[in-house]
Structures are given as C-alpha cells and as structure tokens.
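Enquirer: Sharing a structure below in structure tokens format, with a few things to ask.
The values are calculated or read from the model by the stated rules, or taken from the named source; none is laboratory data. Keep in mind the model is a prediction, meaning the values are calculated, not measured. FYI the Cβ positions are ideal-geometry reconstructions off the backbone, even for glycines, and counts take in every protein chain you see. To get the accessible areas, we keep the full protein, side chains included, count just its heavy atoms, and leave off ligands, DNA and RNA. Shrake-Rupley method; radii C 1.70, N 1.55, O 1.52, S 1.80 Å.
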Amino acid sequence: MAIRLDMTMSLDGYVAGPDDDPDHPLGRGGFRLFDWLDRRLDPGPSGEVYAEALATRAVLAGRRTYELAGRWGGDHHDGVPIVVLTHAIPDDPPPGSVVYATDVHEAASLARRAAGDGDVMVHGAGAAQALLRAGQLDEVELHVVPVLLGRGRRLFDHLPAGPVELDLVRRLATPETEDPPQQVLHLRYRVRLP
Amino acid sequence: VGKIVLYMWMSLDGFIAGPDDRPGQGLGIGGERLHDSLVLDDDDPATARSDDRVGATVLAEAMATGAVLTGRRTFDIAGHWGGDHHDGVPIIVLTRSPPAEPAPGHARYVTDVREAAALAREAAGDRDVLLHGAEAARACLQAGVLDEMALQVVPVLLGQGRRLFDDMPGDHVELQLVRSLEGSGTLHLRYRVRTADEL
C-alpha cells in the first residue's frame, strides 16, 4: 500500500540532538523529542498515530538507525520483516526478521512485497533521504514537537535541489489541555509523483 | 502591549529561499514556489493578496502590524521595499555596520538587537511588530526578545537553499502551538515562545 516515513522532528527539523552515537542514540538533549510517546497508549491523537505505526506490516530502515537501535533485537514489532538498507552487508547473519539490501529500489520492493496489503514504516533520516532521492517514498508522517533543538541531526538534508510536491492529508494536534512536554502536531503528507 | 511576531513562508524541509538568493532573485532558484499562494504588485509587500481565505487572514494580520523589524540582508534583497513596507510604519533594520548613506523612507539602521527590538515595540505601540528574515529571527531568538512565530509551511520539499533555522546555539527553545490553520494545503502555524518563568 504505502511506504510511509514515520519520524519525530523538532520544529527546526532535527531528529536527534548533536553527537549521536551508539551510546547516545538520540544525541545530546534529543530525549526531549520523545516526551509525546508518554501518551502512546492513551486515547487521543498520539495514541492513534502510534497504533497506526505499529499496524504497519514491514519496516524499512537505514543501517545507521538499525545499529543505533541495537538492531531492535531482530524484532521491531510483531515480528514483521525488517529491510535494512546498507552500503556493506554485515558478515554475521541477520537477526530475527531482518533482511539486508544494498540498493534502495531493491529495498523498497522487498519491503512492499513483505508488507502485502499493509503499509511499510520507514525509520531513520538516511533511509528517508535515500527513498526520496529514488522517488520511492509515498507518504511522510511527522510528529512535530514544539521545540527548537538548535543543533543535531536533520531529517531533511543531503537532498538535491528541486521541488518535491506534497499534499497535506492529515493534521492532528494534541488537545490544548495536554501538558506542555507531551504536546505535538502529527502531520501526514502524500508525496506527489513527478 | 504588542508582540514581536516572526512571519515567514517556509517549505516543509525548512527552507525560506532556494539556492543563490540575492538582490533581483530574492527567493533564490526555485524559491518562488514558497510564495505561490501570494500575489504581489511590483514586489510591493503592501499589495500582497492570497487566493484562499486562511492565507488572506494571516496576510491581513501581518499587514496590521505597527512596525517592521528585519535584518540587513533581507532588507537589501528586498530592495529596501522602497523605504515603505506597508502603511508607512517604521522599519527597524538590524545591521552590524550601518551604511554611510541614510536609510531610505521609514527605515532606520540599528546595530544592537535589544535596542532594535525595543525601538520596534515602541514604534508599534499597541500593535504587533512584524519580524522578517532568518538572521533577524535568530538574533531575536538568542536575545530572548521573540514572542511568537507565524510560520506558513508550504507543502513542498525544496531540498536546498537558505534555512530559517540554522547556525543556532544548542540551547532548547520551548514553544507552544497556539494556532494551526490550513488553507490550500499550506499550514499556517502560530507558535508562542515560552518564557523563562514558565519553564
């Protein structure tokens, strides 16, 4: 159905703070971005979008995100296939439901096939950028956190000049009564085919 | 008392102009896309109109401001707005080194951001101050004098160009979304900067 990027981003476009590494996968101060997940199991917009993410039938991630996440122990959610886009396939066999792919088109078609009638969740800035460059991203779901991080790892970076047109298909804001740290704006865009 | 409100049109990936923005090509290569929903006569911001009702509302708010605060780069690229941005309100231009010739029309040059903000507020009286330009926005953020941001998020990825939020210190700035409107696919977000005593 759809290959959909799912990322939490600060209003100034960062998905992690500065100096992210395996010991600090979210970088300095990056934990602020994930306060909204405190509401992931509650009724309301944040619970709704979280449930949708976990209803996807395949995961497509970049190698960096995959390693920073400790390879998700081989199971991101419900044992769905995980396609990892990498420049160099690791020597050790992939854990759990993981398969490696070195080509972005191959990764996209593997993930689409694995998801069947379901959607594919894309995770990580590197995979997102590769899919955008290859014209293989169908939708973008952004959880926009009302904070400026100032520095860190950007979601939209290393892209060629030239417009990629989008259509805003959904906008869900947390209610005004929500506590400040858990406030977030969930935006869904469809990527228009060129 | 009026607020200092940043008004910017930005792509979803955070660009306010395409690459190679300069006088005569103020929005850079491909950056006109960001102003597709606006119609201007002779590049005069006071004549700006929008086809959709929500966009028109936001424009009307911007043009109801009582002073303009901007950076030198934006001011120069815009051809100084002929010395009059809208309705002859005072234009405060933040610059590191004021040029020798006097500022045109209703503009004046100021070198200190706090002084610029205070002058703009005073000039605007009960009305808001329209803040425009990335560098002035950063300076105001860092000086703690920015009250709100009215961001028009255009549904496009430009890929490259000039970013609104760039080259900032790593201190977090906490915000509150106070309004979210949609018009013709463009998202009009209004954020309030949380003050130190709320945090």
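Residue by residue, here is whether (1) over 17 Å from residue B:132 (Cβ atoms); (2) out of contact with any strand residue (DSSP E or B) (no Cβ under 7 Å at 6 or more places or on another chain); (3) modelled with pLDDT of 95 or more holds:
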| position | (1), (2), (3) |
| --- | --- |
| B:5 | no, no, yes |
| B:15 | no, no, yes |
| B:36 | yes, yes, no |
| B:39 | yes, no, no |
| B:42 | yes, yes, no |
| B:51 | yes, yes, no |
| B:62 | no, no, yes |
| B:70 | no, no, yes |
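Enquirer: Residues that are open to solvent by 50 Å² or more (accessible area, probe 1.4 Å), over 20 Å from residue A:68 (Cα atoms), within 10 Å of chain B (Cβ to nearest Cβ) and not β-branched (Val, Ile, Thr): does segment A:91-105 have at least one?
Expert: No, there is no match, as no residue in segment A:91-105 is open to solvent by 50 Å² or more (accessible area, probe 1.4 Å), over 20 Å from residue A:68 (Cα atoms), within 10 Å of chain B (Cβ to nearest Cβ) and not β-branched (Val, Ile, Thr).
Enquirer: A further question follows. Based on what the data block shows, is residue B:100 among the small types (Gly, Ala, Ser), without any contact (Cβ under 8 Å) to a residue 12 or more places away in the chain, open to solvent by 10 Å² or more (accessible area, probe 1.4 Å) and not in a helix (DSSP H, G or I)?
Expert: Yes: the conditions hold for residue B:100.
Enquirer: Being within 12 Å of chain B (Cβ to nearest Cβ), among the β-branched types (Val, Ile, Thr), surrounded by fewer than 19 Cβ atoms within 10 Å (Cβ to Cβ) and within 26 Å of residue A:34 (Cα to Cα) is the requirement here; does residue A:169 meet it?
Expert: Yes.
Enquirer: Let me ask you something else. Out of everything in segment A:1-27 that is part of a loop (DSSP other than H, G, I, E, B) and free of Cβ contacts under 8 Å to residues at least 24 places away in the same chain, what residue ends up being farthest from the other protein chains (Cβ to nearest Cβ)?
Expert: Only one residue tops the list, namely A:23.
Enquirer: Are there any pairs with C-beta distances below 6 angstrom linking a residue in segment A:30-59 that is at pLDDT 95 or above to a residue that is assigned to a loop (DSSP other than H, G, I, E, B) and β-branched (Val, Ile, Thr), with the two at least 6 apart or on different chains, and if so which?
Expert: Listed by first residue and then by second, the contacts come to A:36/A:184; A:45/A:174; A:57/A:80; A:58/A:80.
Enquirer: Sort through B:54, B:93, B:58 and tell me the only one that's more than 30 Å from residue A:166 (Cβ to Cβ) and either among the small types (Gly, Ala, Ser) or surrounded by 14 or more Cβ atoms within 10 Å (Cβ to Cβ) (or both).
Expert: Going through B:54, B:93, B:58 in turn, just one is more than 30 Å from residue A:166 (Cβ to Cβ) and either among the small types (Gly, Ala, Ser) or surrounded by 14 or more Cβ atoms within 10 Å (Cβ to Cβ) (or both): B:93.
Enquirer: Any chance you could count how many residues in segment B:169-196 are open to solvent by less than 50 Å² (accessible area, probe 1.4 Å), under 17 Å from the mean Cα position of the chain (by Cα) and either under 16 Å from residue A:147 (Cα atoms) or facing chain A (nearest Cβ under 7 Å) (or both)?
Expert: Residues in segment B:169-196 being open to solvent by less than 50 Å² (accessible area, probe 1.4 Å), under 17 Å from the mean Cα position of the chain (by Cα) and either under 16 Å from residue A:147 (Cα atoms) or facing chain A (nearest Cβ under 7 Å) (or both): 5 in total.
Enquirer: Now for a separate question. Can you tell me which residues in segment B:129-152 are outside any loop (DSSP other than H, G, I, E, B) and open to solvent by 10 Å² or more (accessible area, probe 1.4 Å)?
Expert: B:132, B:135, B:138, B:139, B:141, B:142, B:143, B:148
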